Amino acid sequence: MNKHTIIKASIALAFLAVAGYLLLRPNPQTPEESAGYADPTASYWLCTSAACGKGYELSLAELGAFLQDHPGAAPPCPHCKSEGSLRAMRCAACKEIIPKVARAQSPDRSASMHTGPALCPKCNKPSGAG
């Protein structure tokens, strides 16, 4: 092997190592998980039934098992068995399960138009999703 082939192979190997690390490293899916107070092995849900409206938590294993049988569907509420549930988050301040905060973006999607921390609708403190 000549020197150039060894250098090219070394560079290719380094790129593969970096790509493997980036693909396999733990990667929090939401800002609240990366803040360290939400359980990264849990998913949070909020029942949309007017009679219930309770929040609940599912482990990622439970969610995965449900989604294998019902691809693309939201899990039913364990309290009222309603089919209408939305993804939620856990507030950093009061630990209640609350609706996820949507982040508005500028029309060209180049910057977030969110100007301050998102406030929890229950305790009115920063929820950690800002």
- Please state which of the following conditions Q68 fails to meet, knowing it meets all the rest: (1) at pLDDT 90 or above; (2) in contact with a strand residue (DSSP E or B) (Cβ under 7 Å, 6 or more places away or on another chain). (2)
- at pLDDT below 90, of a type in the set (S, T, N, Q) and surrounded by 10 or more Cβ atoms within 10 Å (Cβ to Cβ), is that true of S82? yes
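The values are calculated or read from the model by the stated rules, or taken from the named source; none is laboratory data. These numbers were taken from a predicted model, which means no experiment stands behind them. Counting neighbours? That spans all protein chains shown, and the Cβs are built from the backbone with ideal geometry, glycine included.
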